[in-house]
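> Provided herewith is a single structure, encoded as structure tokens, for subsequent inquiry.
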Amino acid sequence: MSSSRIAENIAGIRGRIGQAAGRIGRDPETIELMVVTKTVPAERIREAYQAGVRLFGENRVQEFETKRPDLRTLGEARFHMIGHLQRNKAARAIALFQAIESVDSWRLAAALNEYAAERSASLPVLLEINVGGEEQKSGLAPDSPELERILLGAPEFPNLAIQGFMTIPPYTEDPQAGRPYFRKLRELRDAIARRSLPRISTEVLSMGMSHDFEVAIEEGATRVRLGTAIFGERQV
Ligand SMILES: *Cc1c(COP(=O)(O)O)cnc(C)c1O
């Protein structure tokens, strides 16, 4: 795909984000576009950066480690980990990413807090919620004791800045099928926000992908994560 095509796709997506926000009276500025670059070579990532993108999502520590040296010149770029993170890769992830959006267990939170403390850093994280209850998917169940433990235990993680929630609903081609799951995450967020828990911020709702981001925006997404709509189908 040519660089002009990538820039065009990004412009088109920004237009659609604006329209979706407009439909429900939201300021489009409150919705961040994250461009998901798994399997995408560094050269294409640079093209997206040149088209104005500053927030990127990657799924694998190892893949991003190999691409990172070629992205050094993108001074304002932020890279977030959005894939499942194993605890034994937590230290490497912290060295690579500005934020981890896929915290799905107490043990991972504890490991990240420890490595962030070693670096005297405050690491922004999102809690990943498995709203569809799918067994093969990672993420904390909305009503799980483990989620509750993290919410109440956040003061034990002084080096994590918990900023909100991320979800990947069950996949179907119909964008409307995601709506109940997006709504469920927003309602969960609202319920947690009402409790005013110490060290829990609930501002970020990272939800919606290429096929359903407009529905996610209508349901309150503050960050949408798009790959295919920018770069075309991934070769896997
Ligand atoms: C791949 C991926 C995306 C982007 O999916 P597209 O359908 O290509 O837009 C978003 N979020 C996560 C967690 C992903 O793994």
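> Out of Leu123, Leu140, Leu112, report the one residue that is within 16 Å of the ligand (Cβ to nearest atom), in contact with a helix residue (DSSP H, G or I) (Cβ under 8 Å, 6 or more places away or on another chain) and either small (Gly, Ala, Ser) or at pLDDT 95 or above (or both).
Testing whether each residue is within 16 Å of the ligand (Cβ to nearest atom), in contact with a helix residue (DSSP H, G or I) (Cβ under 8 Å, 6 or more places away or on another chain) and either small (Gly, Ala, Ser) or at pLDDT 95 or above (or both) leaves just Leu140.
> Let me ask another. Checking the condition more than 16 Å from Ile200 (Cα to Cα), in contact with a helix residue (DSSP H, G or I) (Cβ under 9 Å, 6 or more places away or on another chain) and open to solvent by 20 Å² or more (accessible area, probe 1.4 Å), which residue from Gln98, Gln86 passes? Quick ask: steps written out before the conclusion?
Numbers: Gln98 fails: in contact with a helix residue (DSSP H, G or I) (Cβ under 9 Å, 6 or more places away or on another chain).
Exactly one of Gln98, Gln86 is more than 16 Å from Ile200 (Cα to Cα), in contact with a helix residue (DSSP H, G or I) (Cβ under 9 Å, 6 or more places away or on another chain) and open to solvent by 20 Å² or more (accessible area, probe 1.4 Å), namely Gln86.
> Take Glu203 and tell me if it is more than 16 Å from the ligand (Cβ to nearest atom), open to solvent by 40 Å² or more (accessible area, probe 1.4 Å), at pLDDT 95 or above and of a type in the set (D, E, K, R).
The answer is yes for Glu203.
> Further question: Tell me which residues, restricted to the range 76-117, are among the aromatic types (Phe, Trp, Tyr) and under 18 Å from the mean Cα position of the chain (by Cα). Give the derivation first.
In the first step, residues of the range 76-117 are kept if they are among the aromatic types (Phe, Trp, Tyr); the result is 79, 97, 106, 115.
Once the filter is applied, which keeps residues that are among the aromatic types (Phe, Trp, Tyr) and under 18 Å from the mean Cα position of the chain (by Cα), the range 76-117 yields Phe79, Phe97.
> Please enumerate the residues belonging to the range 41-76 that are on the phi < 0 side of the Ramachandran plot, open to solvent by 10 Å² or more (accessible area, probe 1.4 Å) and in contact (Cβ under 8 Å) with a residue 40 or more places away in the chain.
Answer for the range 41-76, where residues must be on the phi < 0 side of the Ramachandran plot, open to solvent by 10 Å² or more (accessible area, probe 1.4 Å) and in contact (Cβ under 8 Å) with a residue 40 or more places away in the chain: Arg44, Glu47, Gln50, Ala51.
> Sticking with this structure for a sec: When the range 114-141 is examined, which residues are found to be polar (S, T, N, Q) and buried (at least 19 other Cβ atoms within 10 Å of the Cβ)?
Start the filter on the range 114-141 by keeping residues that are polar (S, T, N, Q), which leaves 120, 122, 130, 136, 138.
Listed by number, the list holds a single entry, Asn130.
> Do you know which residues across the range 78-98 are more than 13 Å from the ligand (Cβ to nearest atom) and within 20 Å of Met209 (Cα to Cα)?
Within the range 78-98, the subset more than 13 Å from the ligand (Cβ to nearest atom) is 78-79, 86-98.
Correct list: Arg78, Phe79.
> Let me ask something else about it. Can Ser102 be described as of a type in the set (Gly, Ala, Ser) and closer than 30 Å to Pro170 by Cβ? Before the answer, list the steps.
Details: of a type in the set (Gly, Ala, Ser): yes; closer than 30 Å to Pro170 by Cβ: yes.
Answer is yes for this residue.
> Does Glu233 qualify as being within 12 Å of the ligand (Cβ to nearest atom), open to solvent by 60 Å² or more (accessible area, probe 1.4 Å) and of a type outside the set (Phe, Trp, Tyr)?
Yes: the conditions hold for Glu233.
> Sticking with this structure for a sec: In the range 6-50, how many residues are in a loop (DSSP other than H, G, I, E, B) and not hydroxyl-bearing (Ser, Thr, Tyr)?
8
> Any idea how many residues of the range 77-87 are touching a residue at least 40 places away in the same chain (Cβ under 8 Å) and either within 24 Å of Glu8 (Cβ to Cβ) or in a strand (DSSP E or B) (or both)? Break it down stepwise before answering.
At the first step, the residues of the range 77-87 found to be touching a residue at least 40 places away in the same chain (Cβ under 8 Å) are 80, 82-84.
With the extra rule that they be either within 24 Å of Glu8 (Cβ to Cβ) or in a strand (DSSP E or B) (or both), the set shrinks to 80.
Total satisfying the criteria: 1.
> Exactly one of (1) part of a loop (DSSP other than H, G, I, E, B); (2) closer than 14 Å to Glu32 by Cα is unmet by Ile217. Its number?
If we test Ile217 against (1) part of a loop (DSSP other than H, G, I, E, B); (2) closer than 14 Å to Glu32 by Cα, just (1) comes out false.
The values are calculated or read from the model by the stated rules, or taken from the named source; none is laboratory data. Nothing here was measured: the structure is a model prediction, and the numbers come from that model. FYI the Cβ positions are ideal-geometry reconstructions off the backbone, even for glycines, and counts take in every protein chain you see. Calculation scope for accessible area: heavy atoms of the full protein, side chains included, ligands and nucleic acids excluded. Shrake-Rupley method; radii C 1.70, N 1.55, O 1.52, S 1.80 Å.
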